[in-house]
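Here the structure comes first, spelled out in structure tokens, and everything after it is commentary.
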Amino acid sequence: MSRRALRRLRGEQRGQEPLGPGALQFVLHDDDDVEEEGPKRGPGGRRPRGPGKEGVRVNNRFELINIEDLEEVPGVNGDRTDCLLIDAAASGNKRRAQRGHSESKKDGDVTDAAVPPEQSNTSGKLRKKKRKQKNKKNAAGESSENGLEDIDRILERIEDASGSSRPGPPPLSAKKHVLYVEHRHLNPDTELKRYFGARAVLGEQRPRQRQRVYPKCTWLTTPKSAWPRYTKPGLSMRLLESRKGRSAFAFEHSEEYQQTQHRFLAAVESMEPNNMVVLLQTSPYHVDSLLQLSDACRFQEDQEMARDLVERALYSMECAFHPLFSLTSGTCRLDYRRPENRSFYLALYKQMSFLEKRGCPRTALEYCKLILSLEPDEDPLCMLLLLDHLALRARSYEYLIRLFQEWEARRNLSQLPNFAFSVPLAHFLLSQQADLPDQELSSAREKASLLIQQALIMFPGVLMPLLEYCSVRPDATVAAHRFFGPDAEISQPPALSQLVSLYLGRSHFLWKEPATMSWLEENVHEVLQAVDAGDPAVEACENRRKVLYQRAPRNIHRHVVLSEIKEAIAALPPDVSTQSVLGYDPLPPLDTIYSYVRPERLSPVSHGNTIALFFRSLLPNYTVEGERPEDGGAGGPHLDQGLNRLMLALRDMMANFHFHDLEVPREDHLEGDEWD
């Protein structure tokens with residue numbers, strides 16, 4: 001407790017403490033000086049007091065004050081510096097008395113070496129100023145330390161009450177799920193900040209964020225001020241069921257949104273992008289229209305507008321999320337068989353593709369994990385054919401190895417050419433890191449060599465196209481051997497050739513490093529030695545290739561169409577390549593679950609009206625009055641008027657035909673030319 005508080009409790013006031021007899025005796029050489037100058041005052045006009053009850057005789061008020069004593073005295077809030085002078089004088093007097101030196105003389109004696117009053121006053125002010133500054137620092141430090149101690153005590157009480165011990169290494173069960181998605185990695189700015197710094201990424205965005213009027217916080221996209229004002233378009237999400245720790249959700253379309261969807265399908269059939277623009281003017285957050293127009297902008301090399309439209313579609317769908325729907329848990333499911341859910345899959349895939357092209361592979365990997373977590377068993381977009389590529393580009397080697405180890409037993413990932421070659425490459429690149437112990441580096445190198453040899457034996461048709469992509473000429477031993485010769489590529493089943501073309505067209509540049517090529521060359525020679533020695537694994541792998549890769553499932557074909565890799569698209573079977581692929585719904589599942597059906601449109605083909613079909617081929621907007629639903633269909637009362645219109649249009653068209661005489665210009669041409 002401070003001295004001021006003690007004085008207040010006792011009812012005393014400053015300057016009223018009882019003094020001993022002869023406590024303060026100031027002996028000066030001349031009495032006139034005392035009358036002229038008067039007693040010196042400290043800061044604030046207060047007279048400094050003596051040491052108090054102990055009755056110390058002080059000839060010079062600052063003689064017994066030591067700087068070290070001032071520094072050792074702890075600062076107390078509210079104390080004035082004159083109290084410190086009293087303590088310092090008393091402590092100095094005691095120390096001098098113990099040493100046996102009598103520093104002060106009797107009453108009436110004059111000190112021989114007295115300090116001038118001006119100098120003593122100035123030095124006292126400096127010491128007081130330093131002491132005040134140090135008191136403030138000590139008080140702040142003590143308060144912070146006391147606060148930290150109080151927090152530690154509170155935490156200890158909570159831990160004692162709950163019976164938990166101090167945090168240690170997390171148990172194995174607390175390990176995050178392999179498809180766990182982190183919110184911060186869904187934002188591409190997080191990755192760009194690591195590459196270029198926050199000032200370069202957010203330099204232009206900071207003043208704009210203050211003007212945002214969007215109240216909803218979203219994880220997938222950041223709303224832009226240039227977007228139309230958001231109003232609910234009629235899109236929502238409902239919970240279907242929850243069991244075994246997993247929840248199934250589905251998007252729903254209101255009646256108004258269904259009408260907009262019907263107009264969208266009519267605009268797609270017209271094959272006119274302007275119709276899509278008109279539709280978006282009335283419904284600016286219709287998801288399928290945004291995705292379809294994004295493809296049109298991308299084909300016209302307007303990448304910025306295409307990406308902006310995809311982000312707007314994602315924002316519209318994220319605003320419709322169910323409160324229990326989580327992007328990061330990996331336990332929420334969306335059935336791809338429902339057409340309402342497919343838009344979300346396609347929007348995520350298109351956004352992932354833009355992020356990869358933008359140079360954000362870590363963010364693209366997080367989107368890939370998100371798409372796979374929505375339906376990991378069926379994998380409608382076959383994201384397993386892309387996940388390894390993004391993991392290698394993002395240098396997430398440990399994640400790729402962990403995924404392979406956990407899913408190999410039940411998913412047979414080693415039977416996919418991309419995983420068979422990417423996992424050993426991840427082990428090799430991990431062994432090239434210098435910050436790992438030597439034992440781990442050697443084990444990773446051995447594991448990489450073992451896995452790449454198994455991949456080369458299982459898929460021998462990958463080596464030669466890979467070397468051709470990398471512009472590397474193989475040596476004579478490898479080129480002349482029958483195991484890696486042209487027969488290895490020709491004898492592959494069509495489905496396997498499609499997978500190999502997809503992997504090489506996407507990931508061949510990852511093998512161009514000189515160190516990687518030299519490591520691959522060593523293992524190729526090891527494989528040739530095993531083949532020449534008659535290893536039984538070679539024949540077993542050949543039989544397995546003939547049985548497993550008969551025909552690729554529909555989700556692989558859908559992935560190839562979305563990837564837009566020319567080599568893989570050329571390897572599609574004819575029954576798939578001849579189909580009309582719609583951008584908003586590529587290769588829909590055969591067992592689609594419809595929640596509502598589009599009303600049938602009356603077409604002239606169904607009525608066998610050949611003349612109307614002819615005019616519709618010339619003018620797509622041409623309709624016969626008898627075909628309009630409000631006129632009662634094809635058998636309506638105005639059928640005769642429709643036929644009359646057809647005849648009049650036919651007459652006008654025939655009247656506009658002009659036949660030109662082609663012989664006249666030919667004769668003129670012959671007369672004007674000379675062949676002699």
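The values are calculated or read from the model by the stated rules, or taken from the named source; none is laboratory data. This structure is a prediction, so every number in the text was calculated from the model and none was measured. Note: ideal-geometry Cβ built from the backbone for every residue, glycine included; neighbour counts use all protein chains shown. Ligands, DNA and RNA are excluded from the accessible area calculation, which covers all protein heavy atoms including side chains. Shrake-Rupley method; radii C 1.70, N 1.55, O 1.52, S 1.80 Å.
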Margin query: Keeping all protein chains in the complex and leaving out DNA, RNA and ligands, what accessible area do you get for Glu252 with a 1.4 Å probe, in Å² to the nearest 10?
Written below: 70
Checklist line | Fully extended contour minus Cα-Cα distance, from Phe196 to Met305, at 0.36 nm per residue | finding: 36.9 nm
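So, with a 1.4 angstrom probe, what is the percent of accessible area on the range 405-468 that is carbon and sulfur? Could the numbers behind the result be given before it?
Details: 1370 of 2820 Å².
Using a 1.4 Å probe with all protein chains present, the range 405-468 comes out at 49 percent carbon and sulfur.
Using a 1.4 angstrom probe on the protein heavy atoms only, line up Thr477, Thr592 by accessible area, largest first. Walk me through the intermediate numbers first.
Numbers: Thr477 85, Thr592 30 Å².
Of Thr477, Thr592, the descending order of accessible area is Thr477, Thr592.
Please tell me which of these pairs span more than 28 angstrom C-alpha to C-alpha: Lys244/Lys357; Lys224/Lys369; Lys244/Lys447; Lys224/Lys350; Lys357/Lys512; Lys369/Lys546? Intermediate values should be presented prior to the final figure.
Values: Lys244/Lys357 38 Å; Lys224/Lys369 26 Å; Lys244/Lys447 37 Å; Lys224/Lys350 19 Å; Lys357/Lys512 19 Å; Lys369/Lys546 31 Å.
Violating the 28 Å Cα-Cα cut-off are Lys244/Lys357; Lys244/Lys447; Lys369/Lys546.
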Checklist line | Residue-count net charge about His427 - beta-carbon cut-off 13 Å; Lys, Arg +1, Asp, Glu -1 | finding: -1
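Compute the Rg/Rh shape ratio of the range 328-462: radius of gyration over Kirkwood radius, all on alpha-carbon atoms.
Numbers: Rg = 16.3 Å, Rh = 16.0 Å.
Looking at the range 328-462, the ratio lands at 1.01.
Under 4 °C and 1.567 mPa s, how fast does the range 387-543 diffuse according to Stokes-Einstein, given a Kirkwood radius computed over C-alpha pairs? Answer in µm²/s, whole number. Walk me through the numbers on the way to the answer.
On the way: Rh = 16.1 Å.
In µm²/s, the coefficient is 81.
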Item checked: Normalised contact order of the range 406-563, rounded percent, pairs of Cα under 8 Å and 6 or more residues apart -> 25
Check: How much length is gained if the chain between Asn412 and Leu240 is pulled fully straight, taking 0.36 nm per residue apart and subtracting their Cα-Cα distance, in nm to one decimal?
Finding: 58.8 nm
Next item on the list: Answer with one residue from Val560, Pro514, Pro536: the one whose Cα lies farthest towards the positive end of the charge dipole of the range 502-571, charges on Cβ with Lys, Arg +1 and Asp, Glu -1.
Entry: Val560
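If the convex hull of the alpha-carbon atoms of the range 242-287 is projected onto planes in all directions, what is the mean projected area in square nanometres? Write down the numbers at each step before the final one.
Numbers: hull surface 17.8 nm².
With the hull built on Cα positions only, its mean projection is 4.5 nm².
Can you give the accessible area per residue of the range 307-359, in Å², using a 1.4 Å probe?
Details: 1440 Å² over 53 residues.
Per-residue accessible area for the range 307-359 comes out at 27 Å².
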Note to self: More than 20 angstrom separation, counting every C-alpha pair in the range 463-551; what % is that?
What the structure shows: 42
Notebook entry, point to check: At a probe radius of 1.4 Å, what is the per-residue accessible area of Thr221, in Å² to the nearest 10?
Noted result: 10
Checklist line | Arg544-Glu252 FRET efficiency (beta carbon distance; Förster radius 30 Å; 0.05 resolution) | finding: 0.10
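Using only the heavy atoms of the protein chains and a 1.4 Å probe, how would Arg3, Arg194 rank by accessible area, largest first? Don't skip to the answer; put the middle values down first.
Working: Arg3 90, Arg194 150 Å².
Highest to lowest solvent-accessible surface, that is Arg194, Arg3.
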